[in-house]
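The values are calculated or read from the model by the stated rules, or taken from the named source; none is laboratory data. Note that the structure is predicted; figures quoted are calculated from it, not measured. Here the Cβ positions follow ideal geometry from the backbone for every residue, glycine too, while neighbour counts run over all protein chains shown. The protein model used for the area step is the full one, side chains on, heavy atoms only, and it has no ligands, DNA or RNA in it. Shrake-Rupley method; radii C 1.70, N 1.55, O 1.52, S 1.80 Å.
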Amino acid sequence: MSASIVYHGFGIRGYQYERSFYEDGTVTFVISQARDRLRCPRCGTSHVERRGEVTRAFRLLPIGRRPVQVVLDVARVFCERCWITRQVKVGFADEYRRHTRSFERYVLELSQHMTVKGVARHLQISWDTVKEIQKRHLERHYARPKLRHLREIAIDEICVGRKRFLTTVLDLCTGAVVFVGNGRGSDALKPFWKRLKSSRAKIKAVAIDMSNAYTKAVRENLSDAVLVYDHFHIIKLYNEKLTGLRRDLYREAIEGLHKEVLKGIRWLLLKNPENLDPKKRERERLDEALKLNETLFVAYYMKDQLRLLWSQPDKRTARQFLIGWIQLANFSGIRMLMSFAKTLAAHREGILAWYDHPISTGPLEGTNNKIKTMQRQAYGFRDHDFFILKIMAIHEATYELVG
Ligand SMILES: [Zn+2]
């Protein structure tokens, strides 16, 4: 009965079953290896001489909630060819491991539904053991993604803690994270360019924000690729300017009522009109405030107009539209608008390139949110490499994201 459990239940073949016992809540199977099966771990020859042994225990799948282990005297052999003395290979476990391969698969399966902590508690093993098993699996599958097939990518940075940044590159066709660099700006991307070069991928288009660092890095390393400035970032930047403008106006306002009104619409200015909540009378409150302040009214109206840049029928019309917007901004005499118009003019081609390659860093946003969830759990800081590997595997969502 026990012998057949070892063979069929735990997948241990090629060993002899000796005995089993139950002690301190743990089921133990003792097995042995026949002398004629001993091989050199390096060259595989059977011309070896036995030189003692090491007793080793390996974790097996539990029976119910009871931990199970298999104990084996692993022979040390002297190889006549290699002239070395080593432990023979163990057929059911990887080198240096204290659990079987089937146990490892079981941990990975549970990891799809449970946190590292949950799996560790359930199997009565340490948090680190679970983490190491996951880490080895992630390393095998995600550490070096193939870049050759890349065509359209998005690059963006994410803040993961105080002044700590990661730069991520996303394959826009598959949604996979293909690179995570430490820090931000061009330095963070250096290892990526190196790998990309050796992959000989033919990148057609890259979505980035309007920062000089990324623009320069992409131009230098992907001179043939089309640069597309992400429209979400452009609106986000506009919103930041709008917030600054409201703050300035608030500071300048003397009248009590005027001040109150400006204060109350802080968040409403950033919302898209279609998202204003009718139940809270947000539209009315915003209109009231805008009526009181012409500058703010114009700036808000211009944002609404700017958003339409990405819903023109074609690139030619979009170009005319952008020129019109820039002119209007300059006519307004509002400093914030004029400076934004200048920025748009300087990045014009990259903005309009969206009509040739309608890509954005939008998909990275979802990834970044998941990273933030992981990061909130704080385990990322205990093992940086593990954290990065988890990010690389994010799109497959094979793991619980929390630690
Ligand atoms: Zn050998």
Inset, instruction - Could you run through region 337-356 and say how many residues are open to solvent by less than 10 Å² (accessible area, probe 1.4 Å), free of Cβ contacts under 8 Å to residues at least 60 places away in the same chain and within 33 Å of the chain's Cα centre (by Cα)? - result: 1
Inset, instruction - Residue by residue through region 37-64, note down the ones that are in contact with a helix residue (DSSP H, G or I) (Cβ under 8 Å, 6 or more places away or on another chain) and within 26 Å of residue 9 (Cβ to Cβ). - result: 58, 59, 60, 61, 62
Inset, instruction - Return only the number of the condition from (1) more than 16 Å from the ligand (Cβ to nearest atom); (2) surrounded by fewer than 18 Cβ atoms within 10 Å (Cβ to Cβ); (3) aromatic (Phe, Trp, Tyr) that residue 29 does not satisfy. - result: (2)
Inset, instruction - Could you identify the single residue in 52, 64, 14, 44 that is small (Gly, Ala, Ser) and under 23 Å from residue 123 (Cα atoms)? - result: 64
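So, residue 51, is that one open to solvent by 90 Å² or more (accessible area, probe 1.4 Å), touching a strand residue (DSSP E or B) at 6+ places or on another chain (Cβ under 9 Å), of a type outside the set (Val, Ile, Thr) and away from the ligand (no atom under 16 Å from the Cβ) or not? Even if it seems obvious, please write down each step before you answer.
Working: open to solvent by 90 Å² or more (accessible area, probe 1.4 Å): yes; touching a strand residue (DSSP E or B) at 6+ places or on another chain (Cβ under 9 Å): yes; of a type outside the set (Val, Ile, Thr): yes; away from the ligand (no atom under 16 Å from the Cβ): no.
No.
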Inset, instruction - May I ask you to say which residue of 97, 59 is away from the ligand (no atom under 16 Å from the Cβ), open to solvent by less than 90 Å² (accessible area, probe 1.4 Å) and either at positive phi or assigned to a strand (DSSP E or B) (or both)? - result: 59
Legend entry - Breaking point among (1) open to solvent by 40 Å² or more (accessible area, probe 1.4 Å); (2) under 30 Å from residue 151 (Cα atoms); (3) not acidic (Asp, Glu), for residue 218: (1)
Inset, instruction - Please specify each residue of region 80-93 satisfying the condition of being more than 8 Å from the ligand (Cβ to nearest atom) and touching a Ser or Thr at 6+ places or on another chain (Cβ under 6 Å). - result: 92, 93
Legend entry - Lone qualifier among 39, 65 - being open to solvent by 90 Å² or more (accessible area, probe 1.4 Å) and either touching a strand residue (DSSP E or B) at 6+ places or on another chain (Cβ under 6 Å) or within 16 Å of the ligand (Cβ to nearest atom) (or both): 39
Inset, instruction - Quick one: count up the residues across region 181-215 that are open to solvent by 100 Å² or more (accessible area, probe 1.4 Å) and either assigned to a helix (DSSP H, G or I) or among the hydrophobic types (A, V, I, L, M, F, W, C) (or both). - result: 5
Inset, instruction - Give 70, 77 a once-over and let me know the one that is assigned to a strand (DSSP E or B) and either within 16 Å of the ligand (Cβ to nearest atom) or of a type in the set (Phe, Trp, Tyr) (or both). - result: 77
Inset, instruction - Looking at (1) within 16 Å of the ligand (Cβ to nearest atom); (2) outside any strand (DSSP E or B); (3) more than 19 Å from residue 12 (Cα to Cα), find the lone condition where residue 119 falls short. - result: (1)
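Being open to solvent by 10 Å² or more (accessible area, probe 1.4 Å) and closer than 19 Å to residue 227 by Cα is the requirement here; does residue 146 meet it?
When the stated conditions are applied, residue 146 does not pass them.
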Legend entry - Near pairs, Cβ below 7 angstrom, 6+ apart or cross-chain, from region 270-296 (farther than 16 Å from residue 306 by Cβ) to any residue that is open to solvent by 90 Å² or more (accessible area, probe 1.4 Å) and not in a loop (DSSP other than H, G, I, E, B): 276/283; 290/297
Legend entry - The lone exception for residue 381 - which of (1) modelled with pLDDT under 85; (2) in contact with a helix residue (DSSP H, G or I) (Cβ under 7 Å, 6 or more places away or on another chain) it fails: (2)
Inset, instruction - Would you tally the residues in region 223-242 being exposed (fewer than 12 other Cβ atoms within 10 Å of the Cβ) and among the hydroxyl-bearing types (Ser, Thr, Tyr)? - result: 1
Inset, instruction - For residue 112, state whether it is away from the ligand (no atom under 16 Å from the Cβ) and either more than 30 Å from residue 42 (Cβ to Cβ) or among the charged types (D, E, K, R) (or both). - result: yes
